[in-house]
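These notes are about the structure you will find just below.
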Number of protein chains: 6
Amino acid sequence: MTGDLTHLSRDGEARMVDVGEKPVTRRAARATGAVRMARATLDLILAGDAKKGDVIGVARLAGIMAAKRTSDLVPLCHPLPLTQVSVEIAPDEDLPGLRVAATARVDGKTGVEMEALTAVSVACLTIYDMAKAVDRGMVIEAIRVEEKSGGRSGDWRRPEEADR
Amino acid sequence: MTGDLTHLSRDGEARMVDVGEKPVTRRAARATGAVRMARATLDLILAGDAKKGDVIGVARLAGIMAAKRTSDLVPLCHPLPLTQVSVEIAPDEDLPGLRVAATARVDGKTGVEMEALTAVSVACLTIYDMAKAVDRGMVIEAIRVEEKSGGRSGDWRRPEEADR
Amino acid sequence: MTGDLTHLSRDGEARMVDVGEKPVTRRAARATGAVRMARATLDLILAGDAKKGDVIGVARLAGIMAAKRTSDLVPLCHPLPLTQVSVEIAPDEDLPGLRVAATARVDGKTGVEMEALTAVSVACLTIYDMAKAVDRGMVIEAIRVEEKSGGRSGDWRRPEEADR
Amino acid sequence: MTGDLTHLSRDGEARMVDVGEKPVTRRAARATGAVRMARATLDLILAGDAKKGDVIGVARLAGIMAAKRTSDLVPLCHPLPLTQVSVEIAPDEDLPGLRVAATARVDGKTGVEMEALTAVSVACLTIYDMAKAVDRGMVIEAIRVEEKSGGRSGDWRRPEEADR
Amino acid sequence: MTGDLTHLSRDGEARMVDVGEKPVTRRAARATGAVRMARATLDLILAGDAKKGDVIGVARLAGIMAAKRTSDLVPLCHPLPLTQVSVEIAPDEDLPGLRVAATARVDGKTGVEMEALTAVSVACLTIYDMAKAVDRGMVIEAIRVEEKSGGRSGDWRRPEEADR
Amino acid sequence: MTGDLTHLSRDGEARMVDVGEKPVTRRAARATGAVRMARATLDLILAGDAKKGDVIGVARLAGIMAAKRTSDLVPLCHPLPLTQVSVEIAPDEDLPGLRVAATARVDGKTGVEMEALTAVSVACLTIYDMAKAVDRGMVIEAIRVEEKSGGRSGDWRRPEEADR
């Protein structure tokens, strides 16, 4: 880690980094996260196809839409013409809870990690919102980038860790 | 937990719950979360007052502004005329990383948990964004409601847990 | 019809009407609309529970979220703290197509017709978007207010008509 | 019609279609719609240059601005850097009412039908809003794509129909 | 001036001030500003009723719509359910240029100066945008609050000054 | 000045100019403005590093974020994928007050003057907001483009003037 906080000028002032000189390349990023909940809450979400469809379906859509708002939310993010966003949500009986994964793609000058992370975060917030009437103790956790490709710095994949 | 997923109609369809009959009461909610990072990343963020000021200052502001966008992001949230939002961010050397706490208040018909959680989530995303050039492996974790007050269901405080 | 275009000043200039003197009352409005399509398109949308769930589910959610954006879109609308929005979408084999109905509620100083109409319009746009790859000829039609209640002007219900 | 609902994955889940591989081409789309109203309402809107200017002028602007918000409103639309939007509104004494037409253009990877349709829809909603104090019975109708050009699928023009 | 920067906590951190304890009162504010331009630019804007209608009409509408976005733009502003916004724009041959005045009203817990100022600012930006092809040298100036009423601090009117 | 108001059609109707034929070039623009205030207000803002950090830091961030919203605010602006935005704010003891400068860059088909001007305007509004509790009489002034580069019309620099 020999880097620098690129969003800060030499004087420590916030700025949107100049990416004008960077080439347009095909970029992708995948992020994941989870909502840990009481087992009964997960059962309730999964009970009945219609209901399952809706909590998970609403959260998926919220995540996709939020990815498009990333540069509105994260102050120093560049606006990006996303070419694809997908969000997948699956139950994890061991957690217990729901696991969320999002992929974002763009042909652009900057990476799309923030778009993937924003999709995951808002999908998790939406799950919390829809189930909070029965379980206020849910915890959103482990939101992180799993891999990214494209751009000068090349591909990156989260190293295995004895994590959590 | 004898509740129901109130955001779903009897047929499992998503809806924004009718809160018309609920009284306007003073409500507050506090949520917390954290960004776990490499120690060197935390040191870099904390090095120099200006720089510290900016990563933490930008993230705090992003959280406050995001709280006001909650009903734009979380599909079934009611729009709320927030009377206060504050976000606090402090280093935790043991994590290592930054801990984020947000409080939201409203005189309204529904609670403000989602606003507090959204503030925390976007503050964490902003920290990730500003430090990702030096540390892609950061993890956003433990986003949860700590306490809430006001409303028919009364006050609630997260029970102690042997958590995580 | 002895009224006046209240959004225009005496000089014909656009303005947001002053509703400061109007009392806060419980208000509701219901609007409807439809998307007429080829029968094969409707069959495709309805084929398979998952798929049906998604076209209709996505459109319903888009309508609910759009209702919250009404004052951003319609220039002279007042911002309103909606207390409820619901959107229902059902197939009509005779059209053939999908029929959309939306209800909006508020405790406020102005009516919520525009919110209900906006929900219907955006739900219809979303249906078009999701099915346009197979049927560009779809037509969005008959978007109108069916009834409203609350406010000084009292309740109103669309008169029967030998319409269309 | 041998197509597929491209916004749904094989499992029927909503997604934003990946357009990364599609070439950037010059694209255009034109959509139309109408607001049918009482003759007296149309007369009132058209009476006096200033007033006419305003109802029609406000609606035109609302349509243009809404086109830029399309990807915020329609969940699975890609964000597009529009190069042009125009909205035309003209009285139709036979309807009676106002007819709205919108054209959108982009150099992009996906079509701009949704932007043109959104412009028409919001212009119609704005007309309704500005005249609703005198005529609640107005109906928004016949919103549809008239023609599109550019992209892999080539040009398309709505076939003549014995329509309506 | 014995006040304090209320948007900063005792530690100098940004926060949205807590207005929960403040009573709801009827509040209003009026702000003004101007765009100074070459005389020929003003003539061009004023030439022909239609054209005049449009530059001034578009700027007026942009100002009204921007007032509704104030809390999205100004980080520590509270969201407010505005009950009225109006914007007036008139030529000033002596400037030469256009003078803009905006009034905002609300029944709320905080003042509406920022909403009036935002309306003026964005109306001025829009005038600049529409005339910049002929006059890049225009200057936006003298944006200020003229008077405000309501709230604990009572009415206030800008003192006469030998200003500018 | 032999130009034309390009945002108006031949009939004087507002439109978003068609830039489809224009080449993509590297463009930049710099705009400036100021907030004039009582000397005591400036002293208060500058007193203490933390406080200074926050008023100026919050305003800088507000300006950067607003630049990204330009096409949402200014009705006929094209959406632009900004590659950089920076905002600088410095005290001017002679004014007395704060001077704001913003630079915006894009690789695009239209200029970025409006983005730079919007950044300056919203930074000034934010300064007003944060200091208004102690000084209602502040004036935002002299918002103007200083220079621009790129595009068909080439580089432009504001001529020296005996101005102000």
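The values are calculated or read from the model by the stated rules, or taken from the named source; none is laboratory data. None of these values were measured; they are calculated from a predicted model. For neighbour counting, all protein chains shown are included, and Cβ atoms are generated from backbone atoms with ideal geometry for every residue, glycine included. What goes into the accessible areas is simple: the full protein's heavy atoms, side chains included, and nothing from ligands, DNA or RNA. Shrake-Rupley method; radii C 1.70, N 1.55, O 1.52, S 1.80 Å.
With a 1.4 Å probe and all protein chains left in place, how much accessible area per residue does the protein assembly as shown have, in Å²?
On the way: 35400 Å² over 984 residues.
Ligands and nucleic acids excluded, the result is 36 Å² per residue.
Of the heavy-atom accessible surface of chain C (probe 1.4 angstrom), what whole percent is carbon and sulfur?
Details: 2670 of 5900 Å².
Roughly 45 percent of what the probe reaches on chain C is carbon or sulfur.
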Cα centre as origin, Lys/Arg/Asp/Glu Cβ charges: region F:1-140 dipole, Debye:
180 debye
Rounded to the nearest 10 Å², what accessible area does residue A:103 have for a 1.4 Å probe in the complete protein model?
30 Å²
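With r as the distance between the Cβ atoms of residue F:25 and residue C:146 and R0 = 45 Å, compute the FRET efficiency 1/(1 + (r/R0)^6) and round to 0.05. Mind showing how you got there, number by number?
On the way: r = 52 Å, r/R0 = 1.16.
E(calc), rounded to 0.05, equals 0.30.
Using alpha-carbon pairs under 8 Å, 6+ residues apart, how would you state the relative contact order of region B:19-91 in percent?
Values: 22 pairs, mean separation 17.7, N = 73.
About 24 percent, as a whole number.
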Relative contact order for chain C, counting Cα pairs under 8 Å that sit 6 or more residues apart, in percent:
35 percent
Which net charge results for the neighbourhood of residue C:138, defined as the other residues with beta-carbon distances under 9 angstrom from its beta-carbon, given Lys and Arg at +1 and Asp and Glu at -1?
+3
So for chain B, taking the charge dipole from beta-carbon charges (+1 Lys/Arg, -1 Asp/Glu), which of B:154, B:83, B:112 sits furthest toward the positive end?
B:83
I want the local charge near residue F:112. Using Cβ-Cβ distances under 10 Å, sum +1 for each Lys or Arg and -1 for each Asp or Glu among the other residues.
+2
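What shape does chain C have by the C-alpha gyration tensor, where a ≥ b ≥ c are the square roots of the eigenvalues, rounded means a/c under 1.5, and otherwise prolate means a/b greater than b/c and oblate the rest?
Details: a/c = 2.16, a/b = 1.99, b/c = 1.09.
Prolate, because a/c is 1.5 or more and a/b exceeds b/c.
Note the buried accessible area between D and C here, summed over both chains, with a 1.4 Å probe, in Å² to the nearest 100.
Numbers: alone 10080 and 10090 Å², together 14880 Å².
Buried area between the two chains comes out at roughly 5300 Å².
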Taking a label point 7 Å from Cα toward Cβ, how far is residue F:159 from its twins in the other copies, in nm, shortest first?
3.9, 6.3, 6.3, 6.6, 7.8
Could you report the accessible area of residue A:94 in Å², rounded to 10, computed with a 1.4 Å probe on the protein chains as they sit in the structure?
140 Å²
How big is the gap, in Å, between the Cα center of region B:56-79 and the Cα center of region B:88-164?
12 Å
Once amide H atoms are placed 1.01 Å from N in the peptide plane, what residues at a sequence separation of 5 or more from residue F:146, or on another chain, have their amide H within under 5 Å of its amide H?
F:30, F:31, F:32
Taking 50 Å² as the minimum loss, tell me which residues in region F:105-148 lose that much accessible area going from the chain by itself to the full protein complex (1.4 Å probe).
F:114, F:125, F:128, F:129, F:130, F:134, F:136, F:139, F:140, F:143
Based on DSSP H runs of at least 4 residues, each adding -39500 (n - 2.57), what is the mean residue ellipticity at 222 nm of chain D after dividing by all its residues, to the nearest 500 deg cm²/dmol?
-9500 deg cm²/dmol
